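The values are calculated or read from the model by the stated rules, or taken from the named source; none is laboratory data. Everything numeric here is computed off the predicted structure, so don't read it as measured data. Please note: Cβ atoms are built from the backbone with ideal geometry, for glycine as well, and neighbour counts cover all protein chains shown.
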Amino acid sequence: MTRLSRIGTIILSLCGCLLTGCNSTVEVNAEMFWDCDPPDYGRERPWFPVELRFVESPSHIVYLTDRSICSALSKSGKKTATVRFQVYGNRLTGVVRGSLPISIETVPLLPDASAGAASDGDDSSPPDPLLKAFK
């Protein structure tokens with residue numbers, strides 16, 4: 001191997017380590033409105049969805065399927081709840097690759113409690129609040 005090709009190999013290796021080494025997970029709290037009887041779902045469903053909307057961006061929605069969460073939220077008497085998310089992304093590029101709600105009001109969620117996320121906004125709606133986790 002020539003000296004030039006060794007230097008090139010070292011530089012490429014370092015770049016690869018930097019790009020992949022910046023992937024990480026952070027935990028973020030978000031204040032969210034909750035609804036235990038969203039109009040899009042009927043009670044005939046075998047699972048009972050909880051709809052969560054970000055206070056700072058209500059067009060972004062997270063759905064949960066854990067029945068116990070709904071009864072606990074109803075008993076609180078509040079219209080909002082603090083939801084903790086694990087957010088996965090790259091610190092170098094600022095790209096968020098995914099998120100998972102892990103607790104509501106410090107009550108841990110079951111691993112399969114998340115039923116997905118959606119956005120009912122158009123292009124003019126504010127960005128997903130979790131995107132700023134790596135900014």
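Structure above, values below:
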{"item": "Where a residue in segment 54-74 is over 14 Å from residue 127 (Cα atoms) and its partner, wherever it lies, is loosely packed, with under 14 Cβ neighbours inside 10 Å and aromatic (Phe, Trp, Tyr), with Cβ under 7 Å and at least six apart", "result": "65/47"}
{"item": "Hey, residue 18 closer than 29 Å to residue 132 by Cα, surrounded by fewer than 17 Cβ atoms within 10 Å (Cβ to Cβ) and modelled with pLDDT under 75 or not", "result": "yes"}
{"item": "Conditions (1) closer than 15 Å to residue 37 by Cα; (2) touching a Leu at 6+ places or on another chain (Cβ under 7 Å); number of the one not met by residue 87", "result": "(1)"}
